[in-house]
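Notes follow the structure.
The values are calculated or read from the model by the stated rules, or taken from the named source; none is laboratory data. All values reported here derive from a predicted model rather than from experimental measurement. Note that we place each Cβ from the backbone using ideal geometry, even for glycine, and neighbour counts take in every protein chain shown. With ligands, DNA and RNA removed, areas are computed over all heavy atoms of the protein, side chains included. Shrake-Rupley method; radii C 1.70, N 1.55, O 1.52, S 1.80 Å.
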Amino acid sequence: MLQPKHRVSQARRACHGAAALALAALALGAAGQLARWFPVLDIFNFASPLGLLLALDSLVVLALGRKRRGAIFVTALALCAVAFSTERIIPEYWRAAAPAASAASRNVVILTANVWRNNSAPADAARTIAASGADVVVLQEASGIFNVSHAQLAKAFPYETKCRVTKCELVIFSRWPLDPVRYRYRARDGAQIGPSLIHTRVRPPGSPSFAIVTLHFPRINGFGGVPADIPVELAQTVPSFMESHMIIAGDLNLTPWTFALQQLDQGLAPMTRITGKSPSYPGNLDIFGVTVPAVMPIDHIYVGPSWLVRSVETLRIPGADHRAVRAVLQPI
């Protein structure tokens with residue numbers, strides 16, 4: 001049986017631990033909220049779910065410690081942190097979803113994957129992609145498997161975009177004919193506009209043709225984050241070229257809790273982002289033999305209003321540091 005002094009000491013340690021958790025959660029949430037005025041801080045919103053978890057853990061630790069002194073202060077810190085993190089997360093669950101398909105017919109299967117330029121198993125990655133059932137595949141950081149396993153991919157997908165350079169970073173493969181690839185968009189005077197991307201038109205037999213775009217947003221640093229002007233450029237450029245069957249897919253390096261992705265959702269309307277809640281990163285991370293699950297949804301697909309959605313899922317790609325995202329769509 002614990003002596004009174006021991007009980008007091010234990011309660012004090014629990015209160016201090018709860019305070020530390022609450023302060024960490026509050027600092028994370030407050031930094032993310034400041035991204036409204038300082039976009040570089042949007043990187044902290046990547047971890048909004050972690051901030052929420054820390055804040056809730058602090059309340060649990062405080063309750064188990066049963067120390068009254070300081071409890072109100074720690075609870076206030078934790079509740080503020082909960083409010084900050086929840087405000088970032090809730091919009092993802094409030095936004096309108098793309099209409100769901102009700103019957104199986106004329107499905108189009110799209111797969112987007114960052115296959116990593118340092119892919120350690122390119123042949124296995126190519127086999128997995130070929131066996132995915134996809135009709136159109138868009139790859140980012142494709143140089144890691146393109147030169148090594150090109151024949152395997154070309155056998156499954158007879159049509160592909162051509163590269164202007166030896167190493168392809170962005171590639172589109174298709175079972176159906178493709179128009180010539182275009183790099184970026186072009187203004188009326190022929191000048192390239194918008195962020196770096198490739199786009200083409202897919203022509204399925206007996207179904208409407210559709211434009212497809214793939215891109216890879218650069219990161220600010222190794223921890224993530226995207227230069228603020230890149231999503232803005234995309235949102236300003238695409239509407240002039242938008243059509244009802246357009247698809248945009250790629251590694252955007254943004255989670256749904258960031259201001260940047262939420263603003264991009266608005267800028268690309270009436271296109272709808274059909275991804276978000278299924279984490280795609282990290283894809284194949286083991287620590288001391290223990291597989292670390294994907295925790296960040298940073299690979300996304302946007303579809304125009306003339307698509308219905310049957311399903312969206314993630315798929316492990318051997319040797320890649322992302323999971324692929326596979327969407328089954330139905331044209332209207």
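Residue 208 falls short on exactly one of the conditions (1) surrounded by fewer than 20 Cβ atoms within 10 Å (Cβ to Cβ); (2) touching a His at 6+ places or on another chain (Cβ under 7 Å); (3) part of a strand (DSSP E or B), and that condition is (3).
Looking only at residues of the range 280-291 that are assigned to a loop (DSSP other than H, G, I, E, B) and farther than 19 Å from residue 141 by Cα, we find that the one that is most open to solvent (accessible area, probe 1.4 Å) is 288. The residue that is nearest to residue 135 (Cα to Cα), among those in the range 164-179 that are open to solvent by 50 Å² or more (accessible area, probe 1.4 Å), at pLDDT below 95 and not polar (S, T, N, Q), is 169. When the test is whether a residue is surrounded by 19 or more Cβ atoms within 10 Å (Cβ to Cβ) and part of a loop (DSSP other than H, G, I, E, B), residue 294 passes it.
Among residues of the range 232-253 being of a type in the set (Gly, Ala, Ser) and part of a helix (DSSP H, G or I), the one that is most open to solvent (accessible area, probe 1.4 Å) is 240. Whenever a residue of the range 267-281 is among the hydrophobic types (A, V, I, L, M, F, W, C), its partners that are part of a loop (DSSP other than H, G, I, E, B), lying with C-beta atoms within less than 6 angstrom and at least six residues away or across chains, give the pairs 271/304; 274/98.
Kindly evaluate residue 328 against the criterion of being open to solvent by less than 40 Å² (accessible area, probe 1.4 Å), more than 21 Å from residue 217 (Cα to Cα), out of contact with any Gly (no Cβ under 9 Å at 6 or more places or on another chain) and in contact (Cβ under 8 Å) with a residue 60 or more places away in the chain. No; evaluated as a whole, the condition is false for this residue. Inspection of the range 63-70 identifies at least one residue that is of a type outside the set (Lys, Arg), open to solvent by less than 20 Å² (accessible area, probe 1.4 Å) and closer than 30 Å to residue 25 by Cβ.
Residues in the range 254-267 that are open to solvent by 10 Å² or more (accessible area, probe 1.4 Å) and either more than 27 Å from residue 174 (Cα to Cα) or out of contact with any strand residue (DSSP E or B) (no Cβ under 6 Å at 6 or more places or on another chain) (or both): 257, 259, 260, 262, 263, 266, 267.
Residues in the range 62-111 that are within 30 Å of residue 157 (Cβ to Cβ), touching a Lys or Arg at 6+ places or on another chain (Cβ under 8 Å) and modelled with pLDDT of 90 or more: 107, 109, 110, 111. For the range 230-260, a residue qualifies if it is under 17 Å from the mean Cα position of the chain (by Cα) and within 23 Å of residue 136 (Cβ to Cβ), and the qualifying residues are 234, 247, 248, 249, 250, 251, 252, 253, 254. The residues of the range 132-161 that are under 22 Å from residue 327 (Cβ atoms) and under 23 Å from the mean Cα position of the chain (by Cα), listed by number, are 132, 133, 134, 135, 136, 137, 138, 139, 140, 141, 142, 145.
When the residues of the range 193-230 are filtered to those that are out of contact with any Gly (no Cβ under 6 Å at 6 or more places or on another chain) and hydroxyl-bearing (Ser, Thr, Tyr), the one that is nearest to residue 255 (Cα to Cα) is 196. Of all residues in the range 129-149, which are touching a Pro at 6+ places or on another chain (Cβ under 7 Å) and open to solvent by 40 Å² or more (accessible area, probe 1.4 Å)? Answer for the range 129-149, where residues must be touching a Pro at 6+ places or on another chain (Cβ under 7 Å) and open to solvent by 40 Å² or more (accessible area, probe 1.4 Å): just 148.
When residues in the range 185-200 are screened for being closer than 19 Å to residue 164 by Cα and surrounded by fewer than 17 Cβ atoms within 10 Å (Cβ to Cβ), 6 of them pass. For the range 300-312, residues that are under 16 Å from residue 108 (Cβ atoms), in a strand (DSSP E or B) and touching a Ser or Thr at 6+ places or on another chain (Cβ under 7 Å) total 4.
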